[in-house]
Structure formats: C-alpha cells, structure tokens
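The values are calculated or read from the model by the stated rules, or taken from the named source; none is laboratory data. All values derive from a computational prediction rather than experimental measurement. A quick note on method: Cβ atoms are made from the backbone with ideal geometry, for glycine too, and the neighbour counts reach across all protein chains shown. Side chains included, ligands, DNA and RNA excluded: accessible areas come from the protein's heavy atoms. Shrake-Rupley method; radii C 1.70, N 1.55, O 1.52, S 1.80 Å.
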Amino acid sequence: MIAVYLVVAATLLAPNEPCAQVTFDNDASGVRSAAIDEIAFVGLRRIHPETLTSKITSRRGIAFDERIVERDARALARLGWFADVRVEVASVESSDNSRQKLRLTFALTELPFLTGVEFAGSRLLSRQQVDKLLAEKKLTPKLGEPENVVSLQRAARQIESALAELGRPDALVVTRRDETAQATVRERFEIHDGPYVPVRRVTFAGDPEISAKVLGRQMRRIKPGAWFASLRGKDSFTPPGFEEDRARLLAYYHNHGYPGARIGAAKILEYQENSRRWFPWRQPIGKKELALTVPVEAGHFYRTASAGVSRALAQAGVGSEAQSERLLPLPGGTYSAQSVENLRRALEMRVRANAKKQDVQRMGCVEVIQTMDAETHSVHVQFGLSLTPPYTVRRLEFSGMKRFPDRYFRRRIGVKEGVPLDERGLEAGLARLARTGYFKPIKKEDIHIEPHDVAQSVDVTIRVEELGQQRVSMVGGHGQFGSTLGIAYSLFSLLAREELLTSKIEGGPESLELAVGLAKESFLGSRGSLALSVFRMFLRPMLAGSVKGPFFQQRSEGMNADYSYAPTTREMLTANYGLSYSRTSYRPPTAAGPNGLVAGDAHATSSSHSVGFGWTRNTGDEQIVLADSVSGAWLGGSENLVRSKAEYARIFRDPVFNPRNAWAFRATFGGVGSYSGDMPPAARRYSGDEFVRGLRDGELGPQAVVFSTDSSGTARYSTTPAGANLIGAVNAEYRVHLGGGGQAVGFFDLGSGLLQQNWLGHWRPVVIDSTRGIVHGSTGLELRWTLPGLGVPVRAYYALNVLRLNRSVWMPDGSLLHLRNRLGAFGWGVGSLF
C-alpha cells in the first residue's frame, strides 16, 4: 500500500491545537468525485461518535470534497479533546460501478481528562493565593475536561512571574502528571521558590544628560531605595515592571526637552554581596543580589523656538491671535510634548464649545504641526484647524462584564454613540470608573478603537475587569471635633437594581459614628441619585480652655434622605431631608448664672427636622459650594435653626518653578442662627485647626466666663470656649510634589469666629469682650502622604501662630487671668484640609 499524505499546516491551527492529517490510500488518491459511503471514528474511549458527527460537515451519501474533509479535521482539532487527528480515505467495494464510494475513518487520540490539580513546595504562595492569581489571568485548570497542556504550562509560567515579583527570579515550577489506565490524569505543580535575589543597584549608562537621582524618581515599579521596598515589591525585577518604568522615563525625557531620547533593554548582572552574621556566632555570609543597568541616550536638548495659531483656528472660537498668544508656550522655553498635547486639547475644547454655542453641526479638529530644526535644536509649533471633521463614535461596547450591566458603564463614561469622540472625556470617564473601586485600573491595552476612514467613525471597545460587588475601604477626615478614621463596607447591586448598600464605623478621640446607607443612582430613570441613611453619633468634645473635662456629651440618632442631580458633568444640585433626635448632657462645674450654663449635670433633649439645598461646581481645579438648610417651624421638631455655607477653592499649577507643584486657595464662610426660641450650645461651631492650623478646638471663637466652687466652698473663675455661630476663613498653600503620594505644603491660614448674641435666643452666655472678633493667623509647613491602596491622606504639620489671642483679663473676683493661644504647635489630621 502506497500512502499519499495531505497535511493540514500547523500554522492554520491555534498553538494548543493538535496536528490534523488527511491520508488517501493508493486507490482513493486518484478519485476526487466519489461519494462518501461510510464515516467511522476509531480510538474513542469516552466520547460518543454521534457527538462528533454533529461537529463535522461530511455526511454519508454526499460527494467527496477534499476541502470539506480538511475543514472537518481542523474542526475536531479545535475542540481541544484530542492529541492527534488523522483522517484516512479508502475505497469501498461496490456492485454499482457508476460511482466510486469512499470510507472516511477519523483516527483520534483522546486526551486524558483532568481530575485533580495540586500545588506544592512554595513557602511564599499559599493555595488560595495561587488560585486567585490563576483566576485573574483566566488560567485556572478546569477539572472534568480534557487536559490542556499549553494552558497548564502558561499557568506554571504565571506562577514563576508572581514569584519573580517577590524577588525570586530563579523560581521554577515543574509539572508532574500521573495518568491512569482509565484515561484520567492528575497534575502536580512542584513550585521551587528559589533564593531571594533583590535588585540593589540601578544605574543609567550611556549619555543620560539628566542626573541618576532625577531619573530614579521616575521609576515606580523597580525602586530599591524606596521605603519598605521589599514589602512593597519595589526591589524585584520583572520585564513587565521594567516596561512600565521605561515608558515613564521616555515620557519624562520627551517632556523635558529631549524628544529624541532612546532607552534600551535593561541588563541584569548578578553579584555577590559579602556580609557578616553575628548570631548565633560570628561568620561571613554571601548574598546574591542584582544590579540593573539601563542604557540611555538622551540626544540633543530642544527648546521651543516659536508657537502660534492659524487664522482659521482663531476664527473658530479660540479668540484673536493676540489672545491666543497668552495660552501658547513662551519662545525659548524647554520643549515638552505633554504641554503641546495639553494645549492642543484645550484649544479643541474651546472650538467644540463655540461650535455647540453657535449650533454648528460640522466642526474640525485641532491639529499641531511640529517642525524640528536639527541645526539650532529648536522646535516650531503651529496649531491649526483641520478640515477633516472629527471621527464620530459609531459603536461603544464593553467586554468582560459579569455582574454590572451595560448601562452602568455608559452613564459614567465620557463617550456617547453618535457624537464626536472626546478623548479627554473618555479619560475622565475611565478615571471615574477606577475610583469606584469595583474594577481594576483600565490601561491603554484595554481600549480598542477601530477607525472607519470612509464613514469618519470609530468603534470603541473597552475591556473591564471586575473586582467584585463587595468592597472594603478606609474613610476618614477632619471636622469640628478632630480627626476621624474608620472603615466602610459596601455591597453593590445586591437586588440587581444598581443599588449601593453601605455600612461604616468612623471615629476619633472625641466622636464616633455608626451609619448604614442605601443609595440608588438614576432614581426613577432620571439623572439623579437618591440616598437613604440611618446613623447614630456620639460626641464628647474636649475643648481648649481652663475648664477641664468635656463641655458637653451628646448622643444623636436619626435618618437622612439625600437627592442629587447633575445638570452637567461639572455641577451638582442636592436636596436633603433629615430627622434626628439628640440627648445632650452638660457637665461644666458652674452655677446657674447669666452665662447660660447650669450647675451639676443637666440634660436636654431636642429633635430636628430639617430641609437643605445645595449647589456644587467642581472642574478639578476649581470648586464652588453653596449650601443652606432650615429646621423647625412647619417642619416640626424643637430646633428652629437656619444654616448657611459658602466655599470657594482653586488650584493653580505653578508655571514658573515646577508644573508639578501648585498654588491652592480656599475661602469659606459659614453661619447658624435661631429664628425662634433658643439655639442649643451643641449647635454652635467649636472650630479650631480645620480652619486655622495651630488652634485647638474652640479657640477660633470667643471665650466665656465660668464660675465654680471647690470642695472648701471657695469661688473660682475660669474660661471656656463659648463657640461661634459665624465663621470666616481664608487658606493659601503652595504644594510641592514629592512623589510616591507625598507632598510638602507651605501654608498661611487666616480666620475668625464670632458669636452673634441676637442669633442665640434667650440663652446667651456672658462672653469676654476682649476675645470677640479676634483674627487668628498661622503659617507653617505640612507634610502629606496618601496611604497606598486606601486613598486617605495623612497630614502632619507645624504651625506658628503669628496672629493669636494673647491678653490679660480681669475676673469678677478681681483676679487677673492671662488668656493666650499657643505660639507654635505640632498637629496632625486625616483627610485633606480642602
């Protein structure tokens, strides 16, 4: 028998597919128009032949087609059930000589079924960690299915990569298979962690032109000199980690005058570091460590020679050429690719805003033409209006979703179908998704934009990877009664209605809050969101004064309903309704008197029914907050109060010294008063360093006289904070970016708190006149660090009180009491001041 083989090329198959072959015998090889008389499957042990019949196209009685048989062989190979697929074509003897008949025999070698997987040998990775790692990469071995050798090898390589990130570059994973006679197999992953080999040195070779210290700050994944580098994985080398750092280095060069910079592949060198161990006895030891060398060629330094806008662009809404020149980079400045791109986007936003205002349907894109002069090492930048209309989003799709519906992403992403593609809006939308904490950060490789040049449209596909419906996060901040820190647990879409259930506990030295909330976005199909919360709060403020102990203790419980509506992407309208019940214990050592305080323990209960409205505008660099609320009257409750708040904050990037640094300003105003009846002392503001750093709680307002008697009956006079019902403050900061989530801040705070007696009702304390209306001012230095993974900034500062209370007052008994604030003070806080 002479056989002729027709092999289906392995390049047509996926890498994990077996090879498929079609074999003709000597008699059948010359006949291509015969009919198929019989189809047989040989080598099957577990799979029924009828299952495979439904997977192929060839059928008994049809004409033989060589291409169809080849496709059938490939189709069976792609199932992943067989290690080898061969098709034998042979002639069949028949009494009918009009047409030759053939028999197709599919010779199959079944893969054994995977019945068990074991991971052993690692002291660094537990079974749960390995399972989670493989699940994230979608490489979990599937039990009860045919063995996939390629997938198992990929899983082994992924485990080695995870160990390399832990400083084990020599880690090795060996797979052992135990196959039984019943065509089943068990896989055992023998994991050898290998020795700990950290990266200790990072050098930049070639012609870097920039100091190694500056370049080292740009590296985030491989940074052996960072704090707790071994715990954070900063001293481990991995190719993906280096590629991220390489991209940051290139971006830094391109943005600092080196557009032709090149960075090569990293070179790894192992060396022996000798040291001595003194316990339990003195002996020399050698440790293997890594030295990383990064080849860098900076190229020539370029400056911006000129920058301008075309006349067409100026007429499209950017403004006159003279007005546009104020936006352009100054001639002679360092060339920055990022600055040019940011300016192009800013000009394009102006063009689009002007087109919408004038109801122009077709608008062009802003293009930039950069001409580099190699002789003078300068760049000429020209911004113009492209005649080509912008690409319209034809289709927007999201992949990788499991629990979250498609509409959840569409409402948060800055891209809509049928409108021009807005790149900045897309970036902002992706950032909003990342801040929710339910998804992994979306990278560039997760976004696929397919253009259609003829139709001037694009198809956008975004791949998201969910972390789950549950989230545990840290919460905290700085308020009237000191800093607080807590933990919150949230559960999303438990009822498949896109609702958010949250429970939190947050507290500090003087306060504790327990709350449970339920929020529903797109309430009743609108753009608004409704949130309901039930809370219980404990307050025990330790105010600054000569009276020791808490001024009052308060327990409150109640519920709030908040509705927020976003008319634009930058504005938010809010309305809220709140019910609360409070029980306050006053425990100052005072006798009943005109100061409004009573002797011994006094208890008061109050209820508040309030309605509030607010408006917020946040552009990222600018924030405006207006809020008002009223309680009592026809709303019910025993408190009849009106509250108002206005705040303006702005951040300016520093154009002179360093664009990564910034100036920040805030002006805030707040007041509360009673329009009927008495305002309880707990409703006043006992403010301190949340407005002026360096002050204790209550020191921003005036002081009141307190009368007390000791055990012998001797009368004593002291002071205590009276609180304030009208507060104004201004803050100015210069923020220096330190990297790694750190900032150094120089600040100047100015503020004052007043107690308007006619806003208090009949319960009015006796305030020391010399402490009224004092303007407090402080300056100092603050260090901030945002906790990795938690997103909560921790602040530590030193403030020098340049404007403070420092006076002597006569007490009613004729004694002289000296009142003064601290000249300098250390302080700390959780959460940003503004």
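If you sort HIS776, HIS762, HIS380, HIS300 by accessible surface, 1.4 Å probe, largest first, the order is HIS762, HIS300, HIS380, HIS776.
Simple spin-label estimate for LEU783 and ASP207 gives 4.0 nm between the two label positions (7 Å along the Cα-to-Cβ direction from each Cα).
Here VAL368 and SER399 are evaluated by their C-beta separation; at R0 = 25 Å the FRET efficiency comes out at 0.15. Applying a DSSP loop filter and a limit of 16 other Cβ atoms within 10 Å to the trypsin sites (Lys or Arg not before Pro) in the stretch 764-812 leaves ARG772.
Rounded to 0.05, the FRET efficiency of the ASP65 and LEU387 pair, given R0 = 60 Å and the Cβ-Cβ distance, is 0.65.
Using 0.36 nm times the number of residues separating TRP763 and SER676, minus their current alpha carbon distance, what extension gain do you get?
Between TRP763 and SER676, full extension yields 30.1 nm more.
Our estimate of slack between ARG583 and ARG127, defined as 0.36 nm per intervening residue step minus the Cα-Cα distance, is 158.9 nm. A Cβ-based charge dipole, computed about the Cα centre of the stretch 696-834 with Lys and Arg at +1 and Asp and Glu at -1, lands at about 100 debye. The loop-placed chymotrypsin sites (Phe, Trp or Tyr not before Pro) in the stretch 225-276, going by DSSP, that have at most 14 neighbouring Cβ atoms within 10 Å of their Cβ come out as TRP227, PHE228.
Would you mind classifying the stretch 103-248 by shape? Square roots of the alpha carbon gyration tensor eigenvalues, ordered a ≥ b ≥ c; an a/c under 1.5 is rounded, otherwise it is prolate if a/b is larger than b/c and oblate if not. Prolate, because a/c is 1.5 or more and a/b exceeds b/c. Label sites at LYS137 and PHE613, each approximated as a point 7 angstrom past Cα along Cα to Cβ, lie 5.8 nm apart.
Reported to the nearest whole Å, the Cα centre-to-centre distance from the stretch 666-744 to the stretch 768-834 is 9. Cβ-Cβ distance of LYS267 and ARG232, R₀ of 25 Å, FRET efficiency by 1/(1 + (r/R0)^6): the value works out to about 0.55.
Ignoring solvent entirely, what values of log10 I(q)/I(0) come out of the Debye formula for the stretch 732-808 at 0.13, 0.15, 0.17, 0.26 Å⁻¹ when each Cα is a single scatterer? At q = 0.13, 0.15, 0.17, 0.26 Å⁻¹ the computed log10 ratios are -0.61, -0.70, -0.77, -1.17.
So how much slack lies between LEU467 and GLU557, counting 0.36 nm per residue of separation and subtracting their Cα-Cα distance, in nm?
Values: separation 90, 0.36 × 90 = 32.40 nm, distance 3.39 nm.
Gain on stretching LEU467 to GLU557: 29.0 nm.
Spin-label pair TYR565-ARG45: with each label point 7 Å from Cα along the Cα-Cβ axis, the two points sit 7.0 nm from one another.
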